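In what follows, a structure is listed as structure tokens, so that the remarks can point back to it.
Read-outs throughout are calculated quantities, based only on the coordinates presented, and are distinct from any laboratory measurement. This structure is a prediction, so every number in the text was calculated from the model and none was measured. Neighbour counts are summed over all protein chains in view; Cβ atoms, including those assigned to glycine, are modelled from backbone coordinates with ideal geometry.
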Amino acid sequence: MSPTLNTRIHVLVLLLLGGICVSSEDPWCYDKPSCGPKMWSYLGNCSGEKQSPINIVTKKTISDDCLGPINFVGYEDRKRPQLLKNTGHYPEVEMKKGATISGPGLPATYSLKSFHLHWGTYNLRGSEHAIDGLHQAMELHIVHTKNNLTMEEAREDPEGIAVLAFFIKKSNETPIINAWKTLADLMKAIPEKGDSLKLDGEFSLGGLLSMSDLSSYYRYYGSLTTPNCNEAVIWTVYSEPIEVSPQTLKKFTNSLYFSNIKEGRLMQKNYRPLQPLNNRRVQHFKEKKYVHHYPEHCSAPKKF
């Protein structure tokens with residue numbers, strides 16, 4: 001028996017002996033001691049060495065001339081968002097095929113699959129990543145797979161998934177952005193786990209990003225932030241947050257439930273705690289005003 005398997009069995013036995021039963025119906029969660037993030041270590045690769053999210057320490061990041069702006073294709077199509085659903089962990093929007101991202105530092109073209117959100121409460125910041133220890137109110141994750149791989153295939157490829165992460169900041173100064181208001185208003189249609197709503201042109205992903213600053217980001221190799229925590233993700237974390245109004249934020253943090261309304265587990269604090277960076281390095285891209293010529297060695301991305 002392998003040491004890893006033996007460790008997982010040992011942890012399970014301890015949990016059961018301690019009166020904590022991990023249900024097959026709800027093997028992981030955010031809000032219960034029995035299945036919360038502290039109990040994820042025995043699931044999949046959640047105790048691996050390249051886990052996400054991380055705290056990005058800006059003075060330790062590496063400026064890399066091989067990185068460049070992300071090329072977005074198909075993000076403006078209002079018909080691309082197809083289905084909004086309550087997964088029981090976060091709200092997720094499934095996307096119609098056809099949109100892609102590519103760019104310097106990415107080893108392939110990546111196809112848009114879905115996006116989802118993590119948050120704290122109305123008054124508690126709940127982004128998963130942090131920059132110099134600072135979290136924001138929410139975090140948007142836009143998920144892509146390499147060369148049209150399925151998610152199952154992509155999870156087994158060390159470069160199979162590319163996630164764009166955007167911080168969402170609560171601001172009294174920002175005007176109400178229609179796309180964000182529309183998405184927040186739709187949350188009331190999916191309060192319980194398993195609820196879903198077919199979308200028909202209500203907003204575009206490009207609309208959600210219309211106020212974003214794409215000129216600066218951080219890049220590192222990590223994992224999915226939910227079990228099985230596959231270490232298959234190229235992360236692009238944009239440094240400047242998108243600002244939303246307090247009214248918009250409140251609709252996200254107060255509208256959904258982890259299970260059902262009767263049980264009363266309001267979907268809040270659905271974020272994974274920060275993970276050790278270990279021996280990884282974080283690259284930093286900041287767009288320059290002049291035309292960028294990429295050296296020949298940039299054709300092969302660096303793996304950190």
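General remarks:
- For the Cα trace of the chain, dividing Rg by the Kirkwood Rh returns an Rg/Rh value of 0.96.
- Other residues whose C-beta falls under 13 angstrom from the C-beta of S114 contribute a net charge of +3, scoring Lys and Arg +1 and Asp and Glu -1.
- Expected 222 nm ellipticity per residue - DSSP helices of 4 or more, -39500 (n - 2.57), all of the chain, to 500: -4000 deg cm²/dmol
- Set K170/K251; K169/K251; K97/K198; K96/K250; K170/K198 screened for pairs whose C-alpha atoms are more than 23 Å apart: K96/K250; K170/K198
- Long hydrophobic helices in the chain, taken as whole DSSP H segments with a C-alpha length of 15 Å or more on their own axis and mean Kyte-Doolittle hydropathy at least 0.0: 3-17.
- Euclidean distance of C-alpha centroids, the stretch 140-207 and the stretch 41-94, integer Å: 10
- Cα gyration tensor shape of the stretch 89-145, rounded if a/c is under 1.5, else prolate or oblate by comparing a/b with b/c: oblate
- Estimated dipole of the chain in Debye, rounded to 20 [Cβ of Lys and Arg +1, of Asp and Glu -1, Cα centre]: 400
- In the elastic network of the chain, a GNM with C-alpha springs shorter than 10 Å, the most mobile of K170, K288, K96 is K288.
- Reachable lysines from K38, criterion Cα separation under 21 angstrom, eight or more residues apart if same chain: K50, K269
- Inter-label distance, E263 to D132: 4.1 nm, where each label sits 7 Å from its Cα along the C-beta direction.
- Only one residue of V143, T58, I190 has its Cα farthest out toward the positive end of the dipole of the chain, where Lys and Arg carry +1 and Asp and Glu -1 on Cβ, and that residue is T58.
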